[in-house]
Amino acid sequence: TDKGAAMCDMMDEFFTPRLHAALSTEDVVVSEGPSEQVLSLPTGWSMFSTYMMADDMAMDVVLEPIVGQVVIAKNYLGAAYLPEWGFNGIGDILIGQGYQIKTFEAVNLTIAGDYMTPEDNSIDLVAGWNMIGYLRLEAAAADLALADLVDADNLIIAKDYLGAAFLPEWGFNGIGDLIPGNGYQIKTNTSGTLTYLSNDESYRLTALEVTLNDLKHFSAPLNTGSNMNIGIADEAWASTPQIGDEISAYNSKGELVGSAIYSSPLTVITVWGDDATTTKIDGLMNNETLTFKLWSKRYNSSQEMIVREWIEGANAYQTDALYHIGAIEPTDNSTNVSHFGLYPIPAKQELNIDIDLSISETISISIYNLIGELVSTYTNDLTKGFNTIQLDIASLNEGAYLCKINSNDGVIAKKFNVIK
């Protein structure tokens, strides 16, 4: 019995405190969320935010690990952190705010601290332009995450650092998802607040279809850190483009400053202003005019375009403006031949010619080789509107040729290739 009592005492001393510690919740601290966030910053201009509260949130302290790569950082008011001069005009990074930054190279920045939950950190908004962060751990569609502002008729536009826009009035989402670590510009009608759902909740509405600017022909313009957006509704086109076509914009020097895919019922092109941190002019100056081109995927050809009407704005660049084109057409729309296309290119056995006429007319089609020799000629009576002519080119040797359309307005020519 003495041995049994001793064994019970030993077991009581060993297990009781351990069971008490395991079952007790008095001193247990349950942490929610991550202990750090890694921000991936691309080369050049971008926007960032963070959901971490570090011990010291001063902009210069947070960016100190990557300070050698930072050109400038700015808040929505334009206050700047300039590491070259050791100047911090921003002060502390605020949870829920976004910040614009320019870096010499792509770099990762790790911010450690306490996670600030989205439901407990509402974002105060001023009337006009704001730069906001995104506090949830998982991405969410821009139109759903910002739905409270839309429902309150308090969101004009939201855009990411690439100039892609969410335009609630037109039901257009070119941003896609809001992503943790990124920053976004939004323009509101009045002051207000934005509160994201907690991470335990999900946005259950159906998101808008996303229109990504997946360019195939025109290059993407230089991200200069400042831009404006131009909307073109389907009814504005004199001749509606096809899916796959692209529009581009140029400054007065003929340099590409904007490019976008055609999308229905709304096309949105972002055009870029000058970068004030560089010594050369690399974008549009305020009030500078633009010119436009439309590339046809079907014909692999470009047309100069002219804007006949602006519903909002004018042909004059303004940073962060939102313009709306009312009428746009080819510059040669005053001639009888409003469209001339060849396909397929390269051609093998046959060549299709599409011609759109404003009045009926007899036209001649001539095929020349590149040393100027006439290979074949055809005469066609065409009606007003869209006409398609199919030519048998099986007898042509492999090589390059010129197709000339002779009409009452003059001659239009396009080059095409034949392969065997």
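Using the C-alpha gyration tensor of region 244-388, what are the square roots of 5 times its eigenvalues, in whole angstrom, with the largest one first? Spell out each step's value before the answer.
Details: eigenvalues 266, 67, 37 Å².
Semi-axes (√(5λ), whole Å): 36, 18, 14.
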### Task
Determine the share of the chain's accessible area contributed by carbon and sulfur atoms, expressed in whole percent, with a 1.4 angstrom probe.
51 percent
### Pairwise label distance in nanometres, D392 with E209, each label 7 Å out on the Cα-Cβ vector
4.2 nm
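Note the full-extension length gain between S252 and F104 as 0.36 nm times their separation in residues minus their Cα-Cα distance, in nm to one decimal. Mind dumping the intermediate values first?
Details: separation 148, 0.36 × 148 = 53.28 nm, distance 2.80 nm.
The S252-F104 span can extend by a further 50.5 nm.
If the only charges are +1 at each Lys and Arg Cβ and -1 at each Asp and Glu Cβ, what is the size of the charge dipole of the chain around the Cα centre, to the nearest 20 debye? If you can, show how the numbers build up before the last one.
Details: 21 positive and 55 negative charges, 439 e Å.
I would put it at about 2100 debye.
Could you work out [θ]222 nm for the chain from helices alone, using -39500 (n - 2.57) per DSSP H run of at least four and dividing by all its residues? Round to the nearest 500 deg cm²/dmol.
On the way: 4 runs with 35 residues, N = 420.
Computed ellipticity for the chain at 222 nm equals -2500 deg cm²/dmol.
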### Task
For region 158-288, restrict the atom set to alpha-carbon positions and state the Rg and Dmax in Å.
16.5, 52
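Let me have the relative contact order for the chain, percent, based on Cα pairs under 8 Å that are six or more residues apart.
On the way: 964 pairs, mean separation 42.0, N = 420.
Relative contact order comes out at 10 percent.
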### Query
When only the heavy atoms of the protein chains count and the probe is 1.4 Å, how do I247, I261 rank by accessible area, highest first?
I261, I247
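So, for region 344-420, what is the accessible surface per residue at a probe of 1.4 Å, expressed in square angstrom?
Working: 4290 Å² over 77 residues.
Spelled out: the 1.4 Å probe surface of region 344-420, per residue, equals 56 Å².
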### Query
Which order do W85, W272, W129 take when ranked by solvent-accessible area (1.4 Å probe, heavy atoms of all protein chains), largest first?
W85, W129, W272
### Message
Given points 7 Å out from each Cα along the Cα-Cβ axis, report the I371 to A220 separation in nanometres with one decimal.
### Response
4.6 nm
#### Entry: In nm, spacing of pseudo-spin labels at A152 and T331 (7 Å Cα→C-beta vector)
4.7 nm
### Label of the coordinate-derived value, Cα extents along the principal axes in Å, listed as (1) 86, 58, 42; (2) 72, 50, 45; (3) 121, 56, 43
(3)
### Query
Could you state the number of Å between the C-alpha centres of region 190-267 and region 327-405?
33 Å
### Query
In Å and whole numbers, how far do the C-alpha atoms of region 28-167 stretch along each principal axis, longest first?
45, 44, 24
### Query
Hey, what did region 156-253 get for relative contact order, percent, Cα under 8 Å, at least 6 apart?
27 percent
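Could you do me a favour and compute the accessible area per residue for region 41-195, 1.4 Å probe, result in Å²?
Numbers: 6270 Å² over 155 residues.
Computed with neighbouring chains in place, this is 40 Å² per residue.
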### Query
Helix 2-23: angle to the longest alpha-carbon principal axis of the chain, degrees 0 to 90, nearest 10?
40 degrees
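Given 0.36 nm per residue, what is the gain on full extension from R298 to D56 after removing their alpha carbon distance, in nm?
Details: separation 242, 0.36 × 242 = 87.12 nm, distance 5.69 nm.
Between R298 and D56, full extension yields an extra 81.4 nm.
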### Task
Determine, at each q value in 0.16, 0.17 (inverse angstroms), the log₁₀ of I(q)/I(0) that the Debye formula gives when each Cα of region 343-420 is one equal point scatterer.
-0.57, -0.64
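Enter the accessible area per residue of region 196-323 (Å², integer; probe 1.4 Å; all protein chains in place).
Here the residues of region 196-323 average 51 Å² of exposed surface.
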### Task
Compute the length gained on full extension between S35 and K384: take 0.36 nm times their separation in residues and subtract their Cα-Cα distance, giving the result in nm to one decimal.
118.7 nm
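The values are calculated or read from the model by the stated rules, or taken from the named source; none is laboratory data. Everything numeric in this text was worked out from a predicted model, so none of it was measured. All Cβ positions, even for glycine, are placed from backbone atoms using ideal geometry, and neighbour counts span all protein chains on display. Ligands, DNA and RNA are excluded from the accessible area calculation, which covers all protein heavy atoms including side chains. Shrake-Rupley method; radii C 1.70, N 1.55, O 1.52, S 1.80 Å.
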